[in-house]
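**Q** Would you mind keeping the following structure in view while I ask a few things?
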Amino acid sequence: FDERQRILLTPRPGIVTMGTNNGAHAYRPDLWTCVDDPRRFMASIWQDPKIAKFVPLEQFSRPCSTGQPVGTMPHVIGYRRNDHFRPDWWLWEPTINWGNSKERGGGRSVMLVALRLAWLLGFRRVYLVGCDFDMDSERGYWFPEQRTNQAVNNNRNSYRIMQGYFAALRPHFDAAGFQVLNCNPDSKLEAFDHADLRESIIREASRLDLDATTEGMYVPHPPLHPKRP
């Protein structure tokens, strides 16, 4: 994130933020998820009870970067996952798909998990921030971390596979009313329409009427299920 994006995403009514991996160490989201070894992620994330952390269930007994088991950390919620990508079943299957296993062509990503969680939690409009879908030896992650040339090539190959995943998912998202918008104008992710971050935040925040009065909320209401005569 640049400073403009950080200011725009300051917590405000009507806006829920989600982060992945070590990005949550610098920008503190409401929701967070991961798919890799729990020891890869900063202790400040695991220790923060404000962040709802969605983690694969099979990792609950494994140690995280604090040395404690994942399942003992505050505000941790488990999910079950699968590695068989089927775009027509993706929104509705009982477990969360994170891509394909190596035997099926590979390409697994936490981004798939984050979007499926957003759908399951009832969000029907998601704005992507910072998804540039590009990496080279000079530009790695937006948080400090060294990457070898092989790691860069692996990530770029993952981006290529993900382009195909999202292109296949887009018609199913549209049919279900799940709108994903990309707020990075320079992003190489082509499957989703672009949106301006500032305008989007103003629009979402304005959906709540915070000036409405509570008067009359506690008066008697008609029964939900009237008795039959």
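**Q** Okay, helix-only estimate at 222 nm for the chain: each DSSP H run of n ≥ 4 adds -39500 (n - 2.57), divide by all residues, round to 500 deg cm²/dmol; what do you get?
**A** Computed ellipticity for the chain at 222 nm equals -8000 deg cm²/dmol.
**Q** Calculate the FRET efficiency for residue 212 and residue 28 from the Cβ-Cβ distance with a Förster distance of 30 Å, rounded to the nearest 0.05.
**A** The computed FRET efficiency comes out at 0.55.
**Q** Per-residue counts of other Cβ atoms within 10 Å, averaged by peptide: what ranking do you get for 81-94, 154-167, 15-28, highest first? Mind dumping the intermediate values first?
**A** On the way: 81-94: 14.4, 154-167: 16.2, 15-28: 18.4.
Highest mean packing first, the order is 15-28, 154-167, 81-94.
**Q** Rounded to the nearest 20 Debye, what is the dipole magnitude of region 30-114 about its Cα centre when Lys and Arg each give +1 and Asp and Glu each give -1 at the C-beta? Write out the running numbers ahead of the final one.
**A** Details: 11 positive and 9 negative charges, 28 e Å.
That gives region 30-114 a dipole magnitude of about 140 debye.
**Q** On to the next question. Among (1) 0.97; (2) 0.93; (3) 1.02, which is the computed Rg/Rh (Cα atoms, Kirkwood Rh)?
**A** (3)
**Q** How many nm separate the modelled label positions at residue 187 and residue 168, each set 7 Å beyond the Cα in the direction of the Cβ?
**A** Label-label distance for residue 187 and residue 168, simple model: 2.0 nm.
**Q** For the Cα atoms of the chain, what angle does the longest principal axis make with the long axis of helix 149-176, in degrees from 0 to 90, nearest 10?
**A** 30
**Q** Between residue 224 and residue 77, what FRET efficiency follows from the Cβ-Cβ distance if R0 is 35 Å, with the result rounded to 0.05?
**A** Here the calculated transfer efficiency is 0.70.
**Q** At 1.4 Å probe size, with the rest of the protein present, what percent of the exposed accessible area of region 153-192 is carbon and sulfur atoms?
**A** 45
**Q** Between residue 104 and residue 176, what is the spin-label point distance in nm, taking each point 7 Å from the Cα along the Cα→C-beta axis?
**A** A separation of 1.5 nm, rounded to one decimal place.
**Q** Still on this structure: Can you give the Kirkwood hydrodynamic radius for region 37-107, in Å, rounded to one decimal and based on Cα pairs?
**A** Averaging 1/r across every pair of different Cα atoms and inverting gives 13.4 Å.
**Q** Further, regarding this structure: If you line up the long axis of helix 110-120 against the longest principal axis of the chain, both from Cα atoms, how many degrees apart are they, to the nearest 10?
**A** 10
**Q** Ignoring ligands, DNA and RNA, what accessible area per residue does region 54-111 give at 1.4 Å, in Å²?
**A** Roughly 53 Å² per residue, with all protein chains present.
**Q** Among DSSP bridges having both ends in the chain, what percentage is antiparallel? Round to the nearest 5.
**A** 10
The values are calculated or read from the model by the stated rules, or taken from the named source; none is laboratory data. Since the model is a prediction, treat every value here as computed from it, not as a measurement. Note that each Cβ is placed from the backbone with ideal geometry, even for glycine, and that neighbours are counted across all protein chains shown. Ligands, DNA and RNA are stripped out before the accessible areas are found, and what is left, the full protein with its side chains, is counted by its heavy atoms. Shrake-Rupley method; radii C 1.70, N 1.55, O 1.52, S 1.80 Å.
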